[in-house]
Every structure is written in structure tokens, then in C-alpha cells.
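Written out below as C-alpha cells is the structure these notes cover.
Computed from the coordinates by the stated procedures, all read-outs in this text should not be read as laboratory data. Remember, it's a predicted structure, so these values are computed and weren't measured experimentally. So basically every Cβ, Gly included, is an ideal-geometry build from the backbone, and we count neighbours across all protein chains shown.
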Amino acid sequence: MKAKVTGCEILKIVSWNCSYGRFPEKFEQIVKLAEADVYIIQECPNPNSEEISNLLKKFGIQKPLWVGHKSRDGTSGLGIFVKNDRNFSELEHDIDDGNLRYYLFCKVDDLNILGIWAHTTEKGYYSPYLREYLEKNEQRIDNNCVIAGDLNLDMKPENGRIADVNAIYKLLDEKGLISAYHKQTGESFGKETEKTLHKNGPSTHIDYVFAANEKIKYAELGQTKDWISYSDHVPLLVSLETSNVKNTSDKPIVNTDNIVTNSDVKNESIGFKTKTVSSKQIKTRSSDSDAVKRGLELIEQNGVAYYYIKGYSRKYQAKTPATLRKDDKEWGIERFEE
């Protein structure tokens, strides 16, 4: 069940570098536990196989967009997977078949989404190519755009391409786009307490979702302990506010003209911390408006009052009747499982 916001709706996006191999197992895990609307997956195989097609049908997901290459045991690339009840179409952008290849640009409902895997065909830094792509497509990027993916971008002094990194952040800032994680935590770039990549050696923060400040409602990283057996990256989940223009027909809406087929391939448990609210926290809140400010929304169903965490399917049943709650400083909530 989706939580409603007046005149709007929450769109949940996951970006995750799932690491090569075991894709059906990994995808099923993240879909079941994230319950998102859009999945931007890096290092995923060509979804044209029968096994993956059946998996997408099982979870009500439209034919995805994908770009990639042949890898050691199959294919690897960037895919965007969208639920059937969302309007979904591919958008034009300026790319090439070399270092500016792993970018997908699409429209989901009223948002333009740019999926990125900052991957190059040459050894070296990623940031110059990411900067080149963004500058070539600058006229297509505005504050209605969402940029998500493995950007391979950090603020390490030893990066060697700090001028490119600064130019990228500056361009996005000028377009009115901010990092959802950094808005949620209040942390500065390069000072992140939670990392997205965990390999041998120092961990780092290189996966992002950028969007307009007013659209970002919530952001959360998966926990390393829950994802390390699947990938060296943890997934990033972001809830965005969007206009309620969902596809209500029986069929998905998607432009399938550019779906990748095998002949097009070139030779070359989610552990998210649920946004729970403790009884102690609730008891310090004196009004419904306070709860809404903290991301809770009051909904009545069949005479019972529930607080929904916006963008999430889990709900919490209020212990006190809705008619009393506004003046009851001692109201609390408890977990309610459907």
C-alpha cells in the first residue's frame, strides 16, 4: 500500500551496484525488501534472458532499459527497472559507445531520471568522463531531474582529479540538485560517516541520488553486514515526492524500441533501517502536525487510525482513538502487521 500525500505521491528509488553474478537472487532480495518503484542497478546482466524476464513478471516490473557489454561469463551493465503501475519512457541524450556509454535517461511519471554507472573502457579516473557527460547534456538537466547511480565520485585528496569533482558538484548545485543522503544526514561531502563501497582497503562513499531539495523526503543506506554477501556496495533507498500521474491501465507504459537484445551487446535481505518511531519519541510530540513534520501521516481506515511512514508500506496503529489524539500528549504507536 502506498502512502498518499495531498496532490502528490511518493516515488521510491533504489540505486545499487549489485556486483557481478547471482543477479536473480540479488534482485529478488532487494525487490522484496525495498518495495521500491524504480531500481537503478549497476553491474547487472542483460535482462533479456528467460530467467530474468520471468522474475520481472513475477514482481510486476516492466521491460527495463539496459546498456552493457560482454563480460567474463556473460554480460554486465546498467539497468533501470520500473514497476508496471508507473509511466515509463526513454528520453534522448548525448552519449557515445566509449567512455560515455553507461548512462540511461528516462521519464518516470513526471520526473526525468538519469541512471549512471561511472564505468570506463580505459584505466584511469572516472570523474573526467562523468563531467564530460554532464556538460554535454547540461541543457537536459534541471531541478525536475533525478540523478542516481554509482558515480565513482568522492572527495579524497588523493583523487588526483579534484577539479573535475568540484566542477561536477558545482554543476549539480547550479541545477538545484542536492544529494539525498547528505540532506538526510546533514553531513558534508568527504565527511560521510556511512560508506557505500566496502572493499579491501579504506571504504568510501561513491553512490548517490541527487534531486531537488523539496522533492527529497527520506534517504537511507543499507547496512554493510546485511549486504556484504551480495555486493561490495550497499544500496541507497530514497523517497521522492512526485505528482500522482501513475499508469492505471492494465498494461505497462514503456517505449520498448531501444530495449537491448543479445544481438546488441558489444564485445568487450535488505538491511535498511526502517524509519521506526519509538514510544518515547512519540510521547514528546504534542500534535498531529508535529508528527507530519517528522514524516508520519495520519490515515483513517474503517474507523481505525494509523500513522504511515511516508513512502513505506509498514504502518503503525495508534493506541488512542483519532478523536482524542490531537489533544493527547501521551499518544503512542505500536507495530501493526497486516
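Distance between the 7 Å Cα→Cβ label points at Asp232 and Leu171: 2.6 nm. Dipole orientation for segment 52-165: of the candidates Thr120, Cys106, Ile52, Ile52 has the Cα lying most toward the positive pole (charges on Cβ; Lys, Arg +1; Asp, Glu -1).
Each of the peptides 56-67, 185-196 was scored by the mean count of other Cβ atoms within 10 Å over its residues; in descending order, highest first, they stand as 56-67, 185-196.
A Cβ-based charge dipole, computed about the Cα centre of segment 4-264 with Lys and Arg at +1 and Asp and Glu at -1, lands at about 440 debye. Evaluating 6.51 cos²θ - 1.76 cosθ + 1.60 at θ = phi - 60° for every residue in segment 70-78, the Karplus couplings come out as 6, 10, 4, 10, x, 9, 8, x, 10 Hz, glycine and proline recorded as x.
Each peptide in 134-146, 168-180 gets a packing score, the mean of other Cβ atoms within 10 Å over its residues, and the list from highest to lowest is 168-180, 134-146.
Phi-derived couplings, Karplus 6.51 cos²θ - 1.76 cosθ + 1.60 at θ = phi - 60°, listed residue by residue for segment 10-16: 8, 10, 9, 10, 10, 10, 7 Hz, with x used for Gly and Pro.
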